[in-house]
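Input: a single structure, listed below in structure tokens.
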Amino acid sequence: MAGSPTFVIIGGGLAGAKAAESLRTKGFEGQVVLFGAEDRLPYERPPLSKEFMAGKKTIEEFTVQPKSWYAEHDVDLRLGTEVTTLDRAAHMVAFNDGDHEHYDKLLLATGSRSRKPPIPGSDADGVYFLRTVDDATELLGQLGDGRRLAIVGGGWIGLEVAASARGLGTDVTVVESAALPLLALLGREAGEVFVGLHRDHGVDLRLSTTVEEITTTGGTTTGLRLGDGSRVEADAVLVAVGAEPNVEFAERSGLVIADGGIAVDETLVTSDSDIYAAGDIAAAEHPLFGVPIRTEHWANALKQPAVAADGMLGTPASYDELPYFFTDQFDLGMEYVGYAAQYQATITRGDLGKREFTMFWLDGGHRVLAGMNVNIWEGLDDIKKLIRSRRPVDAGALADPSVPLSTLTG
């Protein structure tokens, strides 16, 4: 393929693999080079805190494509390489191993890394940050009957690992600085549901509590010292306080940054017409909500690459999927769709006590911004229609399970 265009993909996760797949599916016959920082085939990350951590899935089961696929589709896969420099003028990217590559079009899908707060003792043996399958494998080796795990942070990763660890017989303590887990994202009512869920399953949940120190003996963690003076004894500590997008090299190159990520329009092109971004790092202008939205969830990594590939091939498409994420914890399954950053009220239909309900987030004009099904496996498409309609809804009808959601979508 001498003389053919070269499309470079930076990022060896789900988004990068799906981008390579989309380019070939859409008929691109030029050179495709995929760089990944890990020395592993691209894989999905949600199982790391769910099925893999619970011992129910192997890495092979959530690897995106087998090694043979890349050879069969003429994708030049280069693993164990991390981008260090982006030279936009020269259309060149350089890597930590001294390698460099010219591109005609470039897709950035570098994902994010675990946030590492300045907690004393966080560099001790037995302290974990969950981002890679190697992280998950090491942490999983610390779990089981009679073992003690302390988790700093009551977000999705912290709660999912807590549920998986309890399923393996581990004693689990979760320390969260907010009054409720997930409070900023879901609000008080939903936060209280997760409090009840975890306490019912034996998790020691410490709320409105700070961590002053990860205690150690001989360089190995022994637990936590909390802001109220109490201590948590533990054999292992997981710090799960969020993620930081890997965008430093892009920012140094002069690409526009927004919401902590790389600013892209609805076609996923950046401020440079030859560079696209997808997944965790993409702060994408949403055609429905009219604001840049950056979410660190599986659905974006799965679906955005096809839209980016369209743009790279000269047939721009619009990414208008509603933000979506899910979780599975103990006997609770949940799906959330929409964007509720500016919500004014919530409405619930169903039974909070039984953890079988749908919750809606509304703006000041009684328009549905987002919806969440908990242990209910129907109606998600109707929720999406309500969000997309941008029409006011009757609060009483929305709260009444006897009124089908389909009758409210217009």
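Brief remarks follow.
- Filter pass, Glu213 being among the acidic types (Asp, Glu), touching a Phe, Trp or Tyr at 6+ places or on another chain (Cβ under 8 Å) and either open to solvent by 30 Å² or more (accessible area, probe 1.4 Å) or over 30 Å from Thr358 (Cα atoms) (or both): no
- Leading residue by the ranking (nearest to Ile281 (Cα to Cα)) among those in the stretch 1-24 that are out of contact with any strand residue (DSSP E or B) (no Cβ under 8 Å at 6 or more places or on another chain) and in contact (Cβ under 8 Å) with a residue 12 or more places away in the chain: Ala15
- Qualifying positions in the stretch 358-410 - exposed (fewer than 13 other Cβ atoms within 10 Å of the Cβ), over 18 Å from Thr346 (Cβ atoms) and of a type outside the set (Gly, Ala, Ser): Trp377, Glu378, Asp381, Pro404, Thr407
- For Lys18, the criteria (1) within 19 Å of Leu130 (Cβ to Cβ); (2) basic (Lys, Arg); (3) crowded, with 17+ Cβ neighbours inside 10 Å hold in every case but one, which is (1).
- Sole residue being at pLDDT 95 or above and within 19 Å of Thr220 (Cα to Cα), chosen from Val161, Val152: Val152
- Meets criteria (modelled with pLDDT of 95 or more and either in contact with a helix residue (DSSP H, G or I) (Cβ under 7 Å, 6 or more places away or on another chain) or assigned to a strand (DSSP E or B) (or both)) for Ile347: yes
- Residue match in the stretch 285-294 (condition: buried (at least 17 other Cβ atoms within 10 Å of the Cβ), at positive phi and not in a loop (DSSP other than H, G, I, E, B)): no
- Note on the stretch 218-270: among residues that are part of a loop (DSSP other than H, G, I, E, B) and aliphatic (A, V, I, L, M), the one that is surrounded by the fewest Cβ atoms within 10 Å (Cβ to Cβ) is Val256.
- With respect to the conditions (1) open to solvent by 10 Å² or more (accessible area, probe 1.4 Å); (2) at pLDDT 95 or above; (3) closer than 29 Å to His91 by Cβ, Lys354 falls short on a single one, namely (3).
- Candidate set: the stretch 78-97, residues that are in a strand (DSSP E or B) and free of Cβ contacts under 8 Å to residues at least 60 places away in the same chain; chosen: the one nearest to Lys18 (Cα to Cα): Arg78
- Scan of the stretch 124-147 for residues that are among the small types (Gly, Ala, Ser) and under 21 Å from Ser112 (Cβ atoms), ordered by number: Ala136
- Filter result for Ser4 (in a loop (DSSP other than H, G, I, E, B), open to solvent by less than 70 Å² (accessible area, probe 1.4 Å) and of a type in the set (Ser, Thr, Tyr)): yes
- Considering only residues in the stretch 79-97 that are open to solvent by 60 Å² or more (accessible area, probe 1.4 Å) and of a type outside the set (Asp, Glu), the one that is farthest from the chain's Cα centre (by Cα) turns out to be Ala89.
- Among the residues of the stretch 53-73, those identified as at pLDDT below 95 and surrounded by 17 or more Cβ atoms within 10 Å (Cβ to Cβ) are Met53, Ala54.
- Summed over the stretch 12-32, residues that are within 14 Å of Glu72 (Cα to Cα), within 27 Å of the chain's Cα centre (by Cα) and outside any helix (DSSP H, G or I) total 1.
- Taking the numbered list (1) modelled with pLDDT under 95; (2) touching a helix residue (DSSP H, G or I) at 6+ places or on another chain (Cβ under 6 Å) in turn, Thr81 passes all entries but (2).
- The strands (runs of 3 or more DSSP E) found entirely in the stretch 98-204 that carry 2 or more residues being among the hydrophobic types (A, V, I, L, M, F, W, C) are 105-108, 148-152, 171-175.
- Count - residues of the stretch 71-98 that are over 23 Å from Arg24 (Cα atoms), touching an Asp or Glu at 6+ places or on another chain (Cβ under 9 Å) and of a type in the set (D, E, K, R): 3
- Test: residue in the stretch 59-66 that is closer than 21 Å to Val269 by Cα, of a type in the set (D, E, K, R) and assigned to a helix (DSSP H, G or I): no
- Complete set of residues in the stretch 33-54 that are free of Cβ contacts under 8 Å to residues at least 60 places away in the same chain and either aliphatic (A, V, I, L, M) or assigned to a helix (DSSP H, G or I) (or both): Leu34, Leu41, Pro47
- Sub-9 Å Cβ pairs linking a first residue in the stretch 55-67 that is at positive phi to a second residue that is not acidic (Asp, Glu), at least 6 apart or interchain, are Gly55/Leu140; Gly55/Leu143; Gly55/Ser164; Gly55/Gly167; Gly55/Leu168, ordered by first then second residue.
The values are calculated or read from the model by the stated rules, or taken from the named source; none is laboratory data. All of these numbers come straight from a predicted model, not from anything done at the bench. Virtual Cβ from ideal backbone geometry, glycine too; neighbours counted across all protein chains shown. With ligands, DNA and RNA removed, areas are computed over all heavy atoms of the protein, side chains included. Shrake-Rupley method; radii C 1.70, N 1.55, O 1.52, S 1.80 Å.
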